[in-house]
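Student: Can you keep this structure in mind? I'll have questions shortly.
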Amino acid sequence: MLKNDIYILFVYLILLAISTIVVYTSSSYLAYVSNKPDFYYMISHFSKVLIAIGFFALGYFTNLEILKKYSFYIFFVSLLLLLLVLILPSPIAPEIRGAKRWLNLFVMSIQVSDIYRLAVILLISFISKSLIEYKNFLTIFLLVFIGIFLIAIEPNLSTAGMIVLIFLITSFYIGVNITLIGLIGLVLFLLGILAIYSFPHAMARFSSTEAYQVLQSKVGLAHGGLFGVGIGDGKAKFLYLPDAHTDFIFSIIGEEMGFIFAVFILLLIMFLVIRGLIISYKLSDKFFEASVLAFAISINIAIYTLGHISVVVGIFPPTGISMPFISFGGSSLIVNSFLLGILYQISRLTRI
Amino acid sequence: MIVIIKLFHIQILDSKYKNLAKNQFKLKITRFPQRGTIYDRNLRPIAYSIPRLMVYQYLDSVVDYYGILKYLKIKDNTNSKLPKLLSDDVPIEYRKFIISPKERGLFAIKYYKRLYPFFEISQNLVGFVSDMDGMEGLERSLDMYLKGSVGYEEVFQSADGKRFYIPYSNKNEPKRGLDVITTIDMKIQNIAYNHLKNAVISEGANWGFVIVADPQSGEILAMANYPNSYKNYSIQYMYEPGSTFKIFTFAKALELNLISDSDSVFVNRDGILVDGYRIKNVEKTSGYITYGEALSYSINSAFAKLGITMGGNELYEIARRVGFGIRTDVLLNGETNGILKRRYKNIDIANFAIGQGFSINGLQMVMAYSCIANGGYLVVPRIILKIGDTLYSNRIVVRKCFSSDISNKLKLILLDVVERGSGKLAKMDNIKVAGKTGTSQKFLDGSYSDDKVITSFIGFFPVEYPKYLIYVVLDEPKFNKFGGTSAAPVFKRIARDILKYQTLKF
C-alpha cells in the first residue's frame, strides 16, 4: 500500500503558520498608520490561508484525468482573463501603482497572472508527451507567449520572466531539443532587455535611485544578525522598508528571527522542492505526465523562492516577487497551495 | 547556495549595514531641564521658567486656520516662509489640540520659556538666558546652580517620523535647576529704579545707578541701573570716586594722630598750588576751619594738604584696607577691580586724597562705607540667601578696618555733612542720616574736565544703628553738577520711600 508523502502536508502547514505570524508582525505598523487595527492585514491574510488550505484539499482530491481534459479550457479562460484585466475599467480592474494586474472579484482581488501560471504549468505537463515534437512545442510556445506578452504589458515583467523560466526549464525536463530551448531563451532574453528599456519604471529599478528599498532590506537583515531581534521587535517594518509584508517579507524574517531561522525557513521550502523533484524522478518511468507536473510544481516554488530572496539580499533589482507560502497575497498563495495539493496527490503514486 | 552565502554576508559579516541599522533605528533625543527660579528675599519670583509650546505651521492650507489662531490667541503673520512660527507662547495644555489630527498642518515643540515679571526694573541686574546658558547678570553668575542638567533618551523613530519609546532603553531624566533666593527686595528695587530713572532723565545724565545695601550684613537689597540694558553699571564700570573718598583720608589722619577733632586748618578761597597744579575749592570761603567742617563742606585743599602730610603709602594702605583696588567677590558677573596704585609725586598724592586719580566700582564704595556704618567691619557683599536647600545666611567679614572709636567719630562727622554741610539736601525730618557727597571730574584728553563730572551721594540711616546704606551715582548730569544737588535729593527720595514701605511692613 503506497502512502502520501505526509511531510509535504506537514511542512506546508508549518509554513502557513509562520506566514501568519510574519505577515502580522510585518504589517502591523502599516495597518496602524492607515488607521486600521494592527491585525487588519493579518486577519485578511489568515482568511486567505484558510481558503488556500481548501484549495490544497481541492488539489489533493481533484481527478487529474478530468483536469487533464479541461487543461486547455483552463488555459484559454486564463488567457481571456489576462485580456480582460487590460481592457476592463477601473472598479473591476483597478490600476494600482501604474499597473493593471488585479481583477476585483466580490470577495477578493486576484492577480490574474497567478492563474495563468497555474494554467501554463498544467497545460505543458498534461501534453508533455506531444511536446517532444518540435512543431507542437513551437505551437504551444506561441500560445503561451501570447499570455506572457499580455503580462509583460500590464506591466509585470518579473512575473512574465518567471513563467518563461518555468516553461523553458520544464520543457528541458520533458526532453525538448536543447538548441531550440536555448534559441527561444536567447530571443526572449533580448526581448526582455528591450522591454526593460521601454518601460520607464523597470529601467528605474536598475538605476541607483531605487536602491533605497534594497538598502533598507539589507539594513534590516544586518539589524537581525545571527539570532534576530525577536518577533515583533523589528524596526524595518516601520515604513523604512516598503512592501515589508509582500515583496520583502524575507527581510523581516531575517531581521526578527535571525540568520539561522531565515535559513531554516529557506530549507523548509527547499525541502518541499526536493521532495517534489524526488517524486518527479521516481515517477519518470511509469507516469511521465505526473512526473513532469511534479517537476514543474517544484521548479515553480524554487524559482519564486530564490527570486524573492535574491531581491531581498540585493542580487536582483527590486521587482514584485512574492515568497511562496509566506508572503501576504491571496492569489499567489491559493495557486501555490492548489499545485502543492496536486503534488501531494501525486506523491501517492510512488514510495520515496 | 549563493543566496545563503550572500545572506550570511549581509547578516553577519558586513559591518556597514550593522552600523547603518544602529544609526537609523535609534535616535538620541535631548530632554531639557526646567531652569531654576530666582526669587527676591520675600519670595517674589524675579525670573522663572514655564513649559510652553512653540507652534509651527508647515502646510500652506491649515484647516480652520483663523479659528485656530483665535482659539490660541495668536496673531497671523502671513509673510514668512513655511514652516513658520505662529507663536512661542501657547500653553502646554493645547498640545493635543494642535498635533491632532496631523493633517491640520501644525506642529508643536515643548520648551521652557523664561519669564521676568520685573523685567524693566531689574533687567541690568538679572541678565538673560540664551538657549540654556545665562548670558549676563544673575542668570550668568548663578548659571551653574540654575541650569540643572539635560537628560537623554533613546527612542525609536519610524520612517514617517513617529517616535516610539523603547522600554528599558538608556534613559537619563533631566534634572531641574536649583531655585535661588536672593537678598534683593523687589519693593526697594522698584523704589530705587524709579527715582533713579527720573533723576537720570531730569538731570540729562548718561547713566546712573543706585545700590541699596544692609551695611551690617552686607546684603544687597537693590541694585538699580538706568538706562536699561544688560550692563550693570554699579559693578562693571570704573570711575574716579571723588569727595566720597575724603572720609578715608580723614580716618587715616585720625589714626596717625595727625589731627584731632578740634584742630583747625587754614583754607584759601583759591585753593592751593601743588607741583604747579592748582587744587581748587568749590566752597569759596577763606580762613581757619576745623577738619570736620572741611569735610562737611568738602574743602579739597584741606584734604590735599593732609594727604601730602601723611604720604602716598599711608593713603594707599587705607584705600586697600577698606576694599578698593580688589574685587568685592560679589556673586555677580563682570565685576571690575578698579585701578589703585601707590603714588609718589605730591600732585598725585593730593589728588588721591580727594578721590581722584584712581578708579573704583560702585560696590567697593558701598562696602567701604559699610565699614563706617557697622562699627568697622569690611564684609563681603552678599546677594544670595539660599541656593536649593543650602542657606547662605552668615555674614563674611574680610577684616576689621576701624576701631569702634574711629568709626563712631567718622559717623558723627558724616552726620554733620548732612545736618549742615554739602549733603543738606539728603537731610530727613524724623531720622538721622549720615552721608557724603561726591563730585569727581572726568579725566578726558589728558586733563580733568570741569564740565563732565560724576556726581554721587552715599549715606546710611538711622545713624544710631544703620540699617540701610544707599549709594547714588549719576554720570555727567547736565544741570546740577554737584553730588549735593543732583544725587543727594535722589538719596532722600529713595530713603523716604523705603521708610514708608518699612512702616507699612512692620
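Student: Using only Cα atoms, what Kirkwood radius does the protein assembly as shown have, in angstroms?
Tutor: 35.2
Student: Using only Cα atoms, find the angle between the long axis of helix B:186-203 and the longest principal axis of chain B, and express it within 0 to 90 degrees, rounded to the nearest 10.
Tutor: 60
Student: Give, as ranges by residue number, the residues of the range B:182-222 whose backbone N falls under 15 Å from the point 7 Å along Cα→Cβ of B:Leu43.
Tutor: The answer is B:182.
Student: Right, here's the next one. Just to confirm the number: angle between the C-alpha axis of helix B:404-420 and the first principal axis of chain B, 0 to 90 degrees, nearest 10?
Tutor: The angle comes out near 80 degrees.
Student: Placing +1 at every Lys and Arg Cβ and -1 at every Asp and Glu Cβ, with all other atoms neutral, what dipole size does the range B:423-506 have around its Cα centre, in debye to the nearest 20?
Tutor: Roughly 420 debye, rounded to the nearest 20.
Student: Would you list the P(r) distribution for chain B, with all Cα-Cα distances sorted into 10 Å bins from 0 and each bin expressed as a whole %?
Tutor: Percent of Cα pairs in each bin: 4, 17, 23, 18, 12, 10, 8, 5, 3, 1, 0, 0.
Student: Sequence neighbours fewer than 8 away in the same chain don't count; with that in mind, list the lysines whose C-alpha is under 28 Å from A:Lys129.
Tutor: Partners within reach: A:Lys3, A:Lys68, A:Lys69, A:Lys282, A:Lys286.
Student: Pick out, from A:Ala119, A:Thr246, A:Ala152, the residue whose Cα sits farthest towards the positive end of the charge dipole of chain A, with +1 on the Cβ of Lys and Arg and -1 on the Cβ of Asp and Glu.
Tutor: A:Ala119
Student: So how exposed is B:Glu136, as accessible area in Å² (1.4 Å probe, rounded to 10)?
Tutor: It works out to around 50 Å².
Student: Right, here's the next one. Given a cut-off of under 8 Å on Cα pairs at least six residues apart, what relative contact order in percent is computed for chain A?
Tutor: It comes to 29 percent, rounded to a whole number.
Student: With the radius of gyration and the Kirkwood radius both derived from the Cα set of the range A:209-273, what is their ratio Rg to Rh?
Tutor: Dividing the radius of gyration by the Kirkwood radius yields 1.00.
Student: Can you tell which of A:Val176, A:Val335, A:Val187 shows the greatest fluctuation in a Gaussian network model of chain A with Cα springs below 10 Å?
Tutor: A:Val187
Student: What FRET efficiency do you get for B:Tyr168 and B:Thr30 if R0 is 30 Å and r is their Cβ-Cβ distance, rounded to the nearest 0.05?
Tutor: 0.95
Student: So how strong a dipole does the range A:209-343 carry about its Cα centre when Lys and Arg Cβ are +1 and Asp and Glu Cβ are -1, to the nearest 20 debye?
Tutor: Approximately 240 debye in magnitude.
Student: Now for a different question. Along Cα→Cβ, 7 Å out, is where each label goes; now give me the distance between the ones at B:Lys113 and B:Asn228 in nm to one decimal.
Tutor: 1.7
Student: Ordering B:Arg44, B:Arg493, A:Arg117, B:Arg321 from largest to smallest accessible area (1.4 angstrom probe), what's the sequence?
Tutor: B:Arg493, B:Arg44, B:Arg321, A:Arg117
Student: Mind giving me the nanometre distance, one decimal, between the label points for B:Asn337 and B:Tyr66, set 7 Å out from Cα along Cα→Cβ?
Tutor: Output for this residue pair reads 6.6 nm.
Student: Considering only B:Gly338, B:Ile166, B:Phe119, whose Cα is most displaced toward the positive end of the charge dipole of chain B, charges sitting on Cβ of Lys, Arg (+1) and Asp, Glu (-1)?
Tutor: The residue sitting farthest along the positive end of the dipole is B:Ile166.
Student: Express the relative contact order of chain B as a whole percentage, based on alpha carbon pairs under 8 Å and six or more residues apart in sequence.
Tutor: Reported as a whole number, the value is 14 percent.
Student: Can I ask one more? With the crude spin-label approximation of a point 7 Å out along Cα→Cβ, what separation in nm comes out for B:Asp429 versus B:Phe266?
Tutor: Output for this residue pair reads 4.6 nm.
Student: If you stretched the chain out fully between A:Ile43 and A:Asn104, how much longer would it get, using 0.36 nm times the residue separation minus the C-alpha to C-alpha distance?
Tutor: Full extension from A:Ile43 to A:Asn104 adds 20.1 nm.
Student: Can I ask one more? Give me the one-decimal Kirkwood hydrodynamic radius in Å for the range A:6-349, with the sum taken over alpha-carbon pairs.
Tutor: About 20.6 Å for the range A:6-349.
Student: Using 0.36 nm times the number of residues separating A:Ser198 and A:Leu183, minus their current alpha carbon distance, what extension gain do you get?
Tutor: Stretched out fully, the A:Ser198 to A:Leu183 stretch lengthens by 3.1 nm.
Student: Now a separate question. Sort the range B:372-470 into rounded, prolate or oblate with this rule: let a ≥ b ≥ c be the square roots of the eigenvalues of the Cα gyration tensor; rounded if a/c is under 1.5, and if a/c is not under 1.5, prolate when a/b is larger than b/c, oblate otherwise.
Tutor: Oblate is the answer for the range B:372-470, as a/c is 1.5 or above yet b/c matches or exceeds a/b.
Student: Where both residues lie in the protein assembly as shown, what percent of DSSP beta bridges are antiparallel, nearest 5?
Tutor: Rounded to the nearest five, the antiparallel share is 95 percent.
Student: Shifting gears a bit: What is the interface area between chains A and B, defined as buried accessible area summed over both chains with a 1.4 Å probe, reported in Å² to the nearest 100?
Tutor: Approximately 2400 Å² gets buried when A meets B.
The values are calculated or read from the model by the stated rules, or taken from the named source; none is laboratory data. Because the structure is predicted, anything quoted here is derived from the model rather than measured. So basically every Cβ, Gly included, is an ideal-geometry build from the backbone, and we count neighbours across all protein chains shown. Please note that ligands, DNA and RNA were not included when accessible areas were found on the heavy atoms of the full protein model with its side chains. Shrake-Rupley method; radii C 1.70, N 1.55, O 1.52, S 1.80 Å.
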